[in-house]
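For reference, the structure discussed in these notes is given below.
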Amino acid sequence: MKRFSRTFAVLAIVGAASLAFVAAGPFAGAMGKPSYLNGVYEGSAPSHGGELTVTVTVKKSKIASVAVKATDSAGISDAAIAKIPAAIVKAQGVEVDAVAGASETSEAIKAAAAKALAGATLYPVASTMKTDVVVIGGGNAGLAAAVEAANAGAKVILVEKMAFLGGNTIRAGGAYNAVDPERQSRQGIEDSIDKHFQQTYEGGDKKADPALVRTFVEGAPEGLKWLEGMGMKFNDKVFTVLGALWPRSHATVDPVGTGFIKTLKAAADGKGVKVLLETKADQILREDGKVTGIVVVDAAGKRVRINAARGVVLATGGFAANKEMRQAYDSRITPNLGTTNHPGAMGDGIVMAERIGAALVGMEYIQMLPLGDPKTGVLEGWVGFNVEDYIYVNKDGKRFVSEAERRDVMTQALIKQRDQYMFVLCDAHSMPTPQSKNSFNESAEDCVKKGTAFTADTIEELAVKIGVDPAALRATIDEYNRGVEAKSDALGKKLLGNKLDKAPYYASPRVPTVHHTMGGVKIDTACRVIDAKGAAIPGLYAAGEVTGGIHGSNRLGGNALADTIVFGRIAGKNAGAKK
Ligand code: ADP
């Protein structure tokens, strides 16, 4: 492992885009008098004469010195630069009075010092625990990391802020992409690691880190075997989940993502991993450059410090449920859009990591899906299964995009349709009986009963039920069926299955919904978290949706669960290895 100078490794450079979130740190007043974590920290703020930079040195848990580099005009700012740093040292905090006549520079120094200390300010804790590895987050990535860290011989504590494990994983469709010669050859499907690499990399507009993509596609088949080895069951046949671009998606036998969580939880229990629910990580502790533990708020509301002798694994998932944060990074993602995500997907880990200097990548890449429930934005409730066997029609009864396209292309096309509204349309080839299930374990008849889908024995009757012109819908279906027969689709759909000609027919209304945040903390192929200067932050690992750089600007359907397993395992192994 590369070595860094102490000073260099602890510089906390706070990026401009995220200031709003960094500033939302712990509320000082009620939390008691803070101490500080040893190290050298940098922060900057705009001042009269431009950007002003403050370097704060903490020794023996106290602010030892504050140095200012300013371009403010001499004279006006001199008094502030001479007095405010000393006042901050004396007060052991930034709550000091401004210098009369130099208030702008005074406030800038205070603001820059506050940013420098954002990750280094430690409020009192009620108790302290210790272990080898702490994992933050109990979805796929966190559980996989916990199991592998335990396999490496480490004592592991996993903290999860919700009252249950599973995060977004447990509500995901459940598809796991991996090249699988055994299953694929039985179905006559040609595939290769290179093809998975190429589709993932190009499907994300080559914005991903190729080394991470390579690690991902190579690790996915082994991750699948690892899960199967622990008793997890996948269907015998692979399929193409929405936006996967190729039939290498593995559907789980258990509904949605429950099979993953059940399997990994059993393995974690078997290895003695201590799971603390309703325990929210609030801060990652970095001292003299090295990450040494975290602070959590436990189920009783008490602040507890957990020291981790070997490492901390960040596996807190994404931020698609954080309306303010997602709009700050992509202004098109307006608050009215629903999300498929669980309410805990708030980006906590990204904020915590950034406070201690982690670099972020691809934060502006936020994935929407065209398959949200019009009322709630969730993915459940629509009838259909294989991309090959369903189509999308708008309120005019017309198709408008290839249903085998990338997720971003399909959603952008949907946004342009009347009322941003469409119907997924399939027939009995997808749902042979009313009891046949979608990938959320809901039967076709249940969806119809709930009112999230409509069914009829003819296309014309179905059209009337969904308020679409019957003749227009008939013409669309006829044209699609001619294309299937000729193996040449009018909209260029490459993955063509059966004709839509077998009653009963189903139509499910759907709208755009926010699904996945491709950006996050920057990692290398060993899952070490990287700082703004390109150096690994010692002791900190990350995996899963909290990380960026694997999916570029657009994630393929079915790649997320595989990503969480591949990188969760790597993070856990490396964090758990004896130092
Ligand atoms: P991934 O697919 O990357 O594993 P998930 O969304 O499945 O992501 O899991 C992330 C988990 O992390 C969720 O269960 C979420 O509640 C949890 N989590 C998020 N923030 C915190 C936090 N601050 N402290 C503890 N757990 C957290």
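Assorted remarks:
- The residue of segment 132-155 that is farthest from the ligand (Cβ to nearest atom), among those that are open to solvent by less than 10 Å² (accessible area, probe 1.4 Å) and assigned to a strand (DSSP E or B), is VAL133.
- Residue match in segment 325-338 (condition: within 16 Å of the ligand (Cβ to nearest atom) and open to solvent by 10 Å² or more (accessible area, probe 1.4 Å)): no
- Any chance THR547 is over 30 Å from HIS429 (Cβ atoms), within 16 Å of the ligand (Cβ to nearest atom), open to solvent by 10 Å² or more (accessible area, probe 1.4 Å) and at pLDDT 95 or above: no
- Tally of residues being open to solvent by less than 30 Å² (accessible area, probe 1.4 Å) and within 15 Å of the ligand (Cβ to nearest atom) across segment 301-315: 7
- Failed item, numbered, when LYS62 is tested on (1) modelled with pLDDT of 95 or more; (2) surrounded by 14 or more Cβ atoms within 10 Å (Cβ to Cβ): (2)
- Where strands (runs of 3 or more DSSP E) fall entirely within segment 514-579, those with at least 2 residues that are over 17 Å from the mean Cα position of the chain (by Cα) and not aliphatic (A, V, I, L, M) are at 536-542.
- Residue list for segment 559-576, restricted to those being crowded, with 24+ Cβ neighbours inside 10 Å and within 13 Å of the ligand (Cβ to nearest atom): ASN559, ALA560, LEU561, ALA562, ASP563, THR564, ILE565, VAL566, PHE567, GLY568, ALA571, GLY572
- Filter result for ILE523 (β-branched (Val, Ile, Thr), buried (at least 21 other Cβ atoms within 10 Å of the Cβ) and more than 30 Å from LEU285 (Cβ to Cβ)): no
- Residue in segment 384-401 that is of a type in the set (A, V, I, L, M, F, W, C), within 30 Å of ILE459 (Cβ to Cβ) and open to solvent by 20 Å² or more (accessible area, probe 1.4 Å) present: yes
- Residue under evaluation PRO432, criteria (1) under 23 Å from GLY372 (Cα atoms); (2) open to solvent by 50 Å² or more (accessible area, probe 1.4 Å); (3) not aromatic (Phe, Trp, Tyr), criterion not met: (1)
- Some residue of segment 524-533 being touching a helix residue (DSSP H, G or I) at 6+ places or on another chain (Cβ under 9 Å), touching a residue at least 60 places away in the same chain (Cβ under 8 Å) and of a type in the set (Gly, Ala, Ser): no
- For segment 499-544, the tally of residues that are among the charged types (D, E, K, R) and closer than 25 Å to VAL424 by Cβ stands at 4.
- Failed item, numbered, when ARG482 is tested on (1) surrounded by fewer than 16 Cβ atoms within 10 Å (Cβ to Cβ); (2) within 34 Å of the chain's Cα centre (by Cα); (3) within 24 Å of ASP396 (Cβ to Cβ): (2)
- Meets criteria (part of a loop (DSSP other than H, G, I, E, B) and surrounded by fewer than 20 Cβ atoms within 10 Å (Cβ to Cβ)) for GLY318: no
- Among the residues making up segment 343-361, those that are open to solvent by less than 20 Å² (accessible area, probe 1.4 Å) and within 15 Å of the ligand (Cβ to nearest atom) are GLY344, ALA345, GLY347, GLY349, ILE350, MET352, ALA353, GLU354, ILE356, ALA358.
- Hits in segment 364-423 - residues which are part of a strand (DSSP E or B) and of a type in the set (A, V, I, L, M): ILE366, MET368, LEU369, LEU371, ILE391, VAL393, MET422
- Here ARG171, ARG183 are screened, and the one residue that is open to solvent by 30 Å² or more (accessible area, probe 1.4 Å), within 30 Å of VAL217 (Cα to Cα) and in contact (Cβ under 8 Å) with a residue 24 or more places away in the chain is ARG171.
- Members of segment 402-418 found to be within 13 Å of LYS493 (Cβ to Cβ) and open to solvent by 50 Å² or more (accessible area, probe 1.4 Å), listed by number: GLU405, VAL409
- Among the criteria (1) in contact with a Ser or Thr (Cβ under 8 Å, 6 or more places away or on another chain); (2) more than 16 Å from the ligand (Cβ to nearest atom), the one ASP419 does not fulfil is (1).
- Wholly enclosed strands (runs of 3 or more DSSP E) of segment 200-293 bearing at least 2 residues within 16 Å of the ligand (Cβ to nearest atom) and open to solvent by less than 20 Å² (accessible area, probe 1.4 Å): 280-287
- Among the residues here, ALA116 does not qualify as outside the structural domain of ARG305 (by TED's automatic domain parsing), among the aliphatic types (A, V, I, L, M) and assigned to a loop (DSSP other than H, G, I, E, B).
- Residue count, segment 95-120 (criterion: open to solvent by less than 20 Å² (accessible area, probe 1.4 Å) and of a type in the set (S, T, N, Q)): 2
- Residues that are touching a residue at least 24 places away in the same chain (Cβ under 8 Å), open to solvent by 40 Å² or more (accessible area, probe 1.4 Å) and more than 19 Å from HIS429 (Cβ to Cβ) within segment 441-455 comprise ASN441, LYS450, listed in sequence order.
The values are calculated or read from the model by the stated rules, or taken from the named source; none is laboratory data. Here the structure is a predicted model, which means the values were calculated and not measured. Cβ coordinates were reconstructed from backbone atoms using ideal geometry, including for glycine residues, and neighbour counts include every protein chain displayed. Ligands, DNA and RNA are stripped out before the accessible areas are found, and what is left, the full protein with its side chains, is counted by its heavy atoms. Shrake-Rupley method; radii C 1.70, N 1.55, O 1.52, S 1.80 Å.
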